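What follows is calculated from the coordinates using simple rules that are stated; it is not laboratory data. Predicted model only: the values in this text are computed from it and were never measured. Virtual Cβ from ideal backbone geometry, glycine too; neighbours counted across all protein chains shown.
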Amino acid sequence: MTTDQGKGSPKPLPASAPKEAIAPEASAAPAPRPRRSSSGGPLNPRRVWANFVLYARSYLRSPEAVFFTLLFPFILVLMFGAIFGSSSSPSSVALYVQNQDGNNSTTLAFYHYLDQTGLVSIHNVSANAGNMSLYMSQHSYSNGIVIPPGFGERLWNLTYGHQVGVPAEVHLFVNPFDQASAGIVEGAVSSALNTFNTRGLPPVAYFPTPTAVSSTTYTPKTIDYEVPGLIGFAILMNPLFAMVNVTAEYKKEKLFKALSLTPLTKGEWLLSLILWNWLMTIISTVILFVTGVLVFGAHVIVGPLIIPFLLLGPLFFAALGMLIGTLSKKAETAGIISNLFAFPMMFLSGAFIPVSVMPSWLQPYARIWPLYYVINGIQSVSVFSNTAQALVDLGLIAIMASITFVAAVFAFRWREE
Amino acid sequence: MDAIIEVEGLVKQYGPLRAVDGITFRVPRGQVFSFLGPNGAGKTTTVEILEGLRRASSGMVHVLGLDPWRHAGELHRKVGVMPQGFRFFDKVTPREAVRYYARLFGVSVDPQEVLHRVLLEEKADDTYDKLSGGQKQKLGVALALVNDPELLFLDEPTTGLDPQARRAVWELLRELQKEGRTIFLTTHYLEEAEQLADRVAILHHGTIVTEGSPTELIERHGQGPRLVLKAVPELISLLEREVGAGLKVHDGTVIVPIQQKGVLLRALEVVDRSGLPWPEINTERDTLENVFISMVGELDETGEVRRE
Ligand SMILES: Nc1ncnc2c1ncn2[C@@H]1O[C@H](COP(=O)(O)OP(=O)(O)OP(=O)(O)O)[C@@H](O)[C@H]1O
Ligand SMILES: [Mg+2]
């Protein structure tokens, strides 16, 4: 009848029950550590990593998320590349040859061998055309060689004569941002030179270091703008919507409440999500660059200054997403607000349509969107190699990111008061 | 006795509403203490104040000697919590969840062992969204156990479970108590409190209407054991004459209080001697449920007070 049976006096914890482990943290700092509230304290890398792994798992297991992060930008670049890019690739690479050596028979033989490789189509440039590098820049030619006076004679001597020591040089000009055709040209030239090599006595031809065509004189194509634009799109969309969803959904499902009951701090949680957004941004950037370059022959200058854009851009949009998610009462509201913000921004700040292509009355409105500075900055690096402009954009983004980030951290609450 | 939780004059104000209205209680170490009350009584509000998730408006709260709001971080290392309506990340498996908690707490546990305790081993590698309601709750309990806490807060751990799953959770809670852990359990299931709790506090409109062990509450607020029999009028008047004291008659049913054993024997003897017919005869005693209904009202399955 009574239900009190078996509930005598409390028993002490059995000796086997406590299984407190040697925490890495504890062994690193054996001294008793003062602990403040759950939101304070130093960042613990182990917990940041644990949360990163958990988030990554959740993320990678939802196919739609993977689609939007990785496949969608890829599809976009294919789409915009097909619209704007020059997809016709010639069967052989155009090679502009300036022969300053006249009709020397060995030189003509070299010409012949070069043509026989089938890798290049030779276009002659008049010997009176002046400085070859300048000439090529003016005509947007990527690959060229100059056969200097006396080349044929030196080559003959090296091959059939017994005079060793005076090298036979051709000057090679390639566009380092078009590695594919540069490689083809180099291959063709050395193979033509090697034809002589195999017949004669070693050593034979001296092969000079390629001279770069100055990148500033290259006229960018639309696809060159398009790739940074789509990177900007990835920098906007992934962090913004990831954080809006996470903040709104965690709030709705009371997951923050559950997390706040563990030693995980707000800062650790935030850091792990930002790390994740950085990783995703870098992956999408690589996909976009590689697709743009390989499929559409986009000219991309990969400078180290691109990296701060890939870090500060996502930081800004992640903080913005968190702010929107935190301040909206409902998940739906957060979704609507971020869409209202993201859609005009992606069209007006040059993610899809380069700002320079937009109607001139519309162009000033591009500058009101934070994304404009991200895209413009990446374009400054990857299209123009314009460090000064990139630094200005970077500074603006840094300011916006800091303000938003501080506001988001401030507004964001683990627990209710 | 050594109190693990001490609360005095706790108030939580939400605008005009006093969700918790000046409650005072102590939870002795090693006991199962149950907060029993209908929806909106203030159970979750109180528990979350004890867990350091909400801030008290006024009053004194000590859990393991700590102020939960100010020392939440320290407290969270020592207590296990299963929040009301526990939810976890959809695409994470119980095994990964336990490992995640272990990393956060900096303890090494065998996920298999923890999941075995809550009878969730077979589902260790299914993602959360594929688990049944009961399995989800079990994961909640499993996660509360990862840091081997001496004090557990379980906010309605069996709400929404089928009777079988509910019994399985009860079994687990008994085990945990046997290991010497203190359990703070909120529920609106009377049977749950009756089955598990050493002490029960009945909470209504933010105040504790009564508190004590289930037997104490029944003794204090119940009517005591009684003989109930349906009888013909002649037998009723015979009983009234012969047994007398405290006897109540209602609609052809006689209720004889039988606190003293002698009264029961005398009444039965009278019935036997009379040779008159008695369609039904029973002894009754109050349950926690009778007490609860008399103080708060009857609850439906969701914990809402039935209104009629
Ligand atoms: N954050 C809040 N803001 C305003 N009012 C609140 C808040 N949290 C709880 N309340 C109110 O306080 C009262 C007590 O709520 P509480 O959640 O503590 O009840 P409970 O006993 O846990 O009920 P249930 O059995 O439904 O879980 C309710 O009237 C509720 O509406
Ligand atoms: Mg509740």
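Couple of notes before you dig in:
- One residue alone among B:Val7, B:Val47, B:Val20 is in contact with an Asp or Glu (Cβ under 9 Å, 6 or more places away or on another chain) and either outside any loop (DSSP other than H, G, I, E, B) or closer than 21 Å to B:Val141 by Cα (or both), and that residue is B:Val47.
- Residues located in the range B:68-102, provided they are more than 16 Å from B:Val146 (Cα to Cα), touching a strand residue (DSSP E or B) at 6+ places or on another chain (Cβ under 7 Å) and surrounded by fewer than 24 Cβ atoms within 10 Å (Cβ to Cβ): B:Gln84
- In summary, B:Ala72 fulfils each of the numbered conditions (1) within 16 Å of ligand 2 (Cβ to nearest atom); (2) under 30 Å from A:Tyr55 (Cα atoms) with the single exception of condition (1).
- So B:Leu217, is it assigned to a helix (DSSP H, G or I) and within 14 Å of chain A (Cβ to nearest Cβ): yes
- Annotation note: of B:Val47, B:Val98, B:Val7, B:Val81, the sole residue that is within 16 Å of ligand 2 (Cβ to nearest atom), of a type in the set (A, V, I, L, M, F, W, C) and more than 8 Å from chain A (Cβ to nearest Cβ) is B:Val47.
- Residues of the range A:379-397 satisfying the condition of being closer than 30 Å to A:Glu268 by Cβ and surrounded by 15 or more Cβ atoms within 10 Å (Cβ to Cβ): A:Leu394, A:Leu396, A:Ile397
- Helices (runs of 4 or more DSSP H) lying entirely in the range B:69-176 (those with 3 or more residues that are of a type in the set (A, V, I, L, M, F, W, C) and more than 16 Å from ligand 1 (Cβ to nearest atom)): B:94-105, B:133-145
- Residue identified as closer than 30 Å to B:Ser213 by Cα and in contact (Cβ under 8 Å) with a residue 24 or more places away in the chain among B:Val291, B:Val271, B:Val243: B:Val291
- Qualifying positions in the range B:103-143 - closer than 22 Å to B:Pro163 by Cα, aliphatic (A, V, I, L, M) and buried (at least 21 other Cβ atoms within 10 Å of the Cβ): B:Leu115, B:Val118, B:Leu120, B:Leu139, B:Val141, B:Ala142
- The residue that is farthest from the chain's Cα centre (by Cα), counting only those in the range B:46-60 that are away from ligand 1 (no atom under 15 Å from the Cβ) and either among the hydrophobic types (A, V, I, L, M, F, W, C) or crowded, with 18+ Cβ neighbours inside 10 Å (or both), is B:Met60.
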